[in-house]
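Let me begin by presenting the structure, written as structure tokens, before commenting on it.
The values are calculated or read from the model by the stated rules, or taken from the named source; none is laboratory data. Because the structure is predicted, anything quoted here is derived from the model rather than measured. Cβ atoms come from the backbone with ideal geometry, glycine included; neighbour counts cover every protein chain shown.
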Amino acid sequence: MPASLPRILMALALLWPLASQAGDANDFVAANPAKQAKLLESWAAQPDPARQPLLDALQQGRVAADSSKTAFIEEAGNFSAAEGEAEPASPPKKLRLNNRLRGLLQTAQASHQLLASEASVRLAAAQQLQKSAKPAQLELLNARVASEQDAAVRDALALALANLQLVDPDPAVRLQAVRLLGETGEPLARTRLEALLDGDSETDAGVRTAAETSLAQVKRRLLVGELLGQAFSGLSLGSILLLAALGLAITFGLLGVINMAHGEMLMLGAYTTYMVQLGFQRLAPEYLALYPLAALPVAFFVTAAIGMALERTVIRHLYGRPLETLLATWGISLILIQLVRVIFGAQNVEVANPEWLSGGLQVLPNLVLPYSRIIIIGFALFVVALTWLLLNKTRLGLNVRAVTQNRNMAACCGVPTGRVDMLAFGLGSGIAGLGGVALSQIGNVGPDLGQSYIIDSFLVVVLGGVGQLAGSVLAAFGLGIANKLLEPQIGAVLGKILILALIILFIQKRPQGLFALKGRVID
Amino acid sequence: MNQPMTITLAQKAGPRLSLAVGGLVLAILLALPLLHLLPADSALHVSAYTLTLVGKILCYAIVALALDLVWGYAGLLSLGHGLFFALGGYAMGMYLMRQSAGDGLPAFMSFLAWNELPWYWYGTSSFLWAMCLVVLVPGLLALVFGYFAFRSRIKGVYFSIITQALTFAGMLLFFRNETGFGGNNGFTNFRTILGFDITAQGTRAVLFLCTVALLTGSLYLGFRLARSKFGRVLTALRDAENRLMFCGYDPRGYKLFIWVLSAVLCGLAGALYVPQVGIINPSEMSPTNSIEAAVWVALGGRGTLIGPLLGAGLVNGMKSWFTVAFPEYWLFALGALFIVVTLYLPKGVIGLLRKEKEQ
């Protein structure tokens, strides 16, 4: 009788606690999943500070049980009895929780943390309870709202309470709760309020109208958050496009050639970051958090050196034949991609964010700005400023601008155009390398990384015009924001196509891009 | 005189030899499908694999020829010819899908739980209308795009990159299931064409002959165009557009005509490619494919009509050999080819053959 076997085991499991010492930990370990869920729910309704270590251990997966169903907690490889003194009767086996139990555990943790002394922990717990509180916790929440000192935590608790009160039998309480929910910008509040609009679930007409007004308020707040979020991701995309396109704009303006291997410079920059990270892990693990900063100069010099080598060996021989340069550099990009694939494998490599680049800034309930993206926007602007200084305040910059405007005249005045070409090419590639470091922090690093950027960055150059940094900056952010604003309306693909069509129409009006150098040269 | 013997011989022999070689190649191409019809145990039998491979390469050769017309003669390097090729292929594929679906919906639509055909599928069960689409879709797209591009005098690398963006956008569009062209699986599992079994020997032979005919036809057209006044204006346009305009010519019409013609040729090549290869999917539109076509032309020699055909044959022959023998190194070889051809063979293989004669 296979079906009866689990039952016997279950009965045995229920009997075991009688034999061993009774206590929360041993109860929990001995119980079957259904009973464990009940236990967690009851703990959530009646928190007890003494239970906190057990919950922490459960959350971290450190609770184990031996064959006599006595609970042990693992501490750095050693098992000690959770309650009383006991030696494991057999090697303890770790307890595994299913998803439902893990959810309940979180709720129970949150109710326990409401008793914590730090306000920030209490706030986080209250926010967790807004999502997952169960009716059994109503009393607890009521008590906590009354006794909570910190205003922010109290507000959060009141919201969690309001969520529960939506099903209160008393219409007045429900009305109160609905009004309170109208004050938030929580995405969950919307679904909860929407459920109330239905006449079957909500009988009181007053509550229904209140729900409608509250819903409208919540929706407005959510819309603001969404729009701000789109604008931010547009800025973020724009900053990435800018990092990718800036070097391209310089070399295109100077030499009139498109470097199709420019995307691969981004890729090489990202792989350099990976190598630097590996080096830090091996040699100086204590400074690992700083590796992106160390990767910046390394990536710049590596890609700049590769760029200069390419200019010397291939591109130099193709001046005056821009279309051939395009094909030759495409060949270079194929070789570089395949080279990276052979050396590092076709899979993405893992570049981890250091602590200070992960996480985000919670601005609104539905708007989190990741630190990595904020820093990249700042970094892109920093690179632009640096490039501007280089082009406008140094001898090299003067030469680059002179050659961009009129190569022959510059050569006549003694500008070493060959050297300028090489250095400018190195500069453009180096900037792409810096972009690669930035990209490695927000996306996957694989051999195909650069391929997806070459078309977009050229569109930036087409739109912005050559020879002026301002054009590239404006075009990059414009394209980024336009992309992200169109995306939710008509989808990413149609958005891209629409933008391409708009660019083609735009060139009808201004073939030289947004900002053009003035000149009278004609072939 | 340090060149290989064969090259020197070819240079000495001049046009008569070229004609003879051309005639021989044509004769072989015409014989291939007939040999395919021989019984399988015959010594001269040509396998379906070989016939399909050569047929595929011939389709690519038509693309190379079409690209050469715009790049070699008018100086417009298009990196988006794969789009026109794939559009022609898709138009043919629509007809083939309708054939294999019978009265019902194509299989991929049933998976998407669609109940009726989208409007643009209307009439695709008719072969004639499908053929019209093969010509009209790439042609109209090229006309609209070309009109705007040439009006604002986009040329050089700008033109190249915009065409690349165009084919990239097309690829993204066709990758979507909602577009109604089978998403990233594209069209496959064709059964019949005009009622004939598509895998039958006879059908394969006829399709192959059609490809040879189209190739010869476009080659003839190309020769006539190149020798005409029109061809000379195009060459002038490529070399000095401004001077041509000062002479009173309006380059837009010339560019637009050759551009649309080239797109239509690509569409036709695509339409012949699909039934022979048996599949069409959006990866045909990937920018990589289109730029590879440019190296066929560059390797063979642009501005000549035979060169691109030679280039397409050489590169694709190499590709089929490499991807079997050393799959790891094919991209290295292709990349090196791009660099070597642009650095050392500005006039391609044909230029090498003709070098001595011009001196």
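Here residue A:273 fits the description: away from every other protein chain (no Cβ under 14 Å) and more than 28 Å from residue A:470 (Cα to Cα). Residues in the stretch A:139-160 that are closer than 14 Å to residue A:110 by Cα and either assigned by the TED database to the domain that holds residue A:43 or among the hydrophobic types (A, V, I, L, M, F, W, C) (or both): A:140, A:141, A:153, A:156, A:157, A:160. Quick test of your reading of the structure: residue A:287 fulfils all but one of (1) in contact (Cβ under 8 Å) with a residue 60 or more places away in the chain; (2) assigned to a helix (DSSP H, G or I). Name the failing condition by number. Here residue A:287 meets the rest and fails (1). Considering only the stretch A:308-335, state which residues are farther than 13 Å from residue B:343 by Cβ, more than 8 Å from chain B (Cβ to nearest Cβ) and free of Cβ contacts under 8 Å to residues at least 12 places away in the same chain. Within the stretch A:308-335, A:309, A:320 meet the criteria. Would you be able to say whether some residue in the stretch B:158-171 is over 20 Å from the mean Cα position of the chain (by Cα) and buried (at least 18 other Cβ atoms within 10 Å of the Cβ)? Scanning the stretch B:158-171, I find at least one residue that is over 20 Å from the mean Cα position of the chain (by Cα) and buried (at least 18 other Cβ atoms within 10 Å of the Cβ), so the answer is yes. Considering the stretch A:452-469, the residues that are of a type outside the set (D, E, K, R) and under 22 Å from the mean Cα position of the chain (by Cα) include one that is modelled with the lowest pLDDT, namely A:452. Counting only helices (runs of 4 or more DSSP H) that sit wholly inside the stretch B:241-312, those with at least 2 residues that are buried (at least 21 other Cβ atoms within 10 Å of the Cβ), hydroxyl-bearing (Ser, Thr, Tyr) and away from chain A (no Cβ under 14 Å) are B:251-277.
In the set (1) in contact (Cβ under 8 Å) with a residue 60 or more places away in the chain; (2) crowded, with 22+ Cβ neighbours inside 10 Å, the condition left unmet by residue B:127 is number (2). Quick check, is residue A:368 on the phi < 0 side of the Ramachandran plot, without any contact (Cβ under 8 Å) to a residue 40 or more places away in the chain, of a type in the set (A, V, I, L, M, F, W, C) and in contact with a Leu (Cβ under 8 Å, 6 or more places away or on another chain)? The answer is yes for residue A:368. One residue stands out in the stretch A:70-122 among those that are in a loop (DSSP other than H, G, I, E, B) and surrounded by 20 or more Cβ atoms within 10 Å (Cβ to Cβ): the one that is nearest to the chain's Cα centre (by Cα), namely A:114.
Here the stretch B:282-293 is the region considered, the condition is being out of contact with any Ser or Thr (no Cβ under 8 Å at 6 or more places or on another chain) and not charged (D, E, K, R), and the residue that is nearest to residue B:160 (Cα to Cα) is B:291. Cβ separations smaller than 6 Å between residues 6+ apart or across chains give the following pairs from the stretch A:65-82 residues that are farther than 10 Å from residue A:26 by Cα to residues that are surrounded by 20 or more Cβ atoms within 10 Å (Cβ to Cβ) and at pLDDT below 75: A:73/A:82.
Is it the case that some residue within the stretch B:150-163 is touching a residue at least 60 places away in the same chain (Cβ under 8 Å), out of contact with any strand residue (DSSP E or B) (no Cβ under 9 Å at 6 or more places or on another chain) and farther than 30 Å from residue B:250 by Cβ? No, because not a single residue in the stretch B:150-163 is touching a residue at least 60 places away in the same chain (Cβ under 8 Å), out of contact with any strand residue (DSSP E or B) (no Cβ under 9 Å at 6 or more places or on another chain) and farther than 30 Å from residue B:250 by Cβ.
Among residues of the stretch B:223-245 that are at pLDDT 90 or above, those with a Cβ under 8 angstrom from a residue that is β-branched (Val, Ile, Thr) and assigned to a helix (DSSP H, G or I), sequence gap 6+ or separate chain, pair up as B:225/B:258; B:234/B:258; B:244/B:233. Is one or more of the residues making up the stretch B:178-201 more than 30 Å from residue B:109 (Cβ to Cβ), buried (at least 20 other Cβ atoms within 10 Å of the Cβ) and away from chain A (no Cβ under 14 Å)? Within the stretch B:178-201 (the criterion being more than 30 Å from residue B:109 (Cβ to Cβ), buried (at least 20 other Cβ atoms within 10 Å of the Cβ) and away from chain A (no Cβ under 14 Å)), the answer is no, since none of the residues qualifies. Note on the stretch B:321-359: residues that are more than 17 Å from residue A:324 (Cβ to Cβ) and either surrounded by 14 or more Cβ atoms within 10 Å (Cβ to Cβ) or within 14 Å of another protein chain (Cβ to nearest Cβ) (or both) total 13.
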